[in-house]
Amino acid sequence: MLILLREFMNRFIGIDFGMSKVGLAISDPSKIISMPLKVLRYKNPKNLIEDLQVVATENNVDTFVVGYPLNMNNEKNEMTSLVDNFKDELIDLGFKVFLQDERLSSESAKKIMHEQNIKTGNNKEQIDLIASTIILQSFLDKGLWS
C-alpha cells in the first residue's frame, strides 16, 4: 500500500531539450495535468544534470519525460542522438525516463502565444516552457506509465 501511495505521489517532469536551455514542466501528483515549471540555462551538460537532480529532489520527481526530436519523416537526426545520450545519463542516475515525440511542440507553443497576443520574438524561454508543458501533457494523456 505504501509503495502504491508513493508511486501516486511522485510527479513527472517534462523536458524540452535544447543546446543551451531546457524548458521544464511538472505534473500534478495524480499525473493528469502538466504545468509550466521553469527554464534552466546551462553552459555544459554536467551543469544541466546537476540542476535537474536538484529540481527533481525539490519536487519529489523520479521520472522524466523528454521530448524526442524526430524529423517529420520519422527519421533521427543530430539532436536525436544528443537526447539519446541525455536520456542515458538520467537513467544512469537512477531516474526513469520516457521519450515523447516532440514534433511541432514548439510550433504549437508559438500558436498558443499568438492566440494570447504574446510576441514570440523576445520570448524564446516562454516558447520552451510551453513546449515542455505540451510534451508532458501529451505523454500524460496516453497514460503509458502505469
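FYI, it's all coordinate maths here, none of it is from the lab. Bear in mind that the values here come from a model prediction, so they are computed numbers and not experimental data. All Cβ positions, even for glycine, are placed from backbone atoms using ideal geometry, and neighbour counts span all protein chains on display.
Extension gain, N123 to Q53: 0.36 nm times the residue separation minus the Cα-Cα distance gives 22.6 nm.
A straight Cα-to-Cα reach below 30 Å connects K31 with the lysines K21, K46, K76, K87, K96, K110, K111, K124, K142, residues fewer than 8 places away in its own chain not being considered.
A Cβ-based charge dipole, computed about the Cα centre of the range 24-98 with Lys and Arg at +1 and Asp and Glu at -1, lands at about 180 debye. Extension gain for N71-R41 works out to 8.3 nm (0.36 nm per residue, less the C-alpha to C-alpha distance). The equivalent ellipsoid that matches the C-alpha gyration tensor of the range 18-73 spans semi-axes of 20, 18, 9 angstrom, in descending order.
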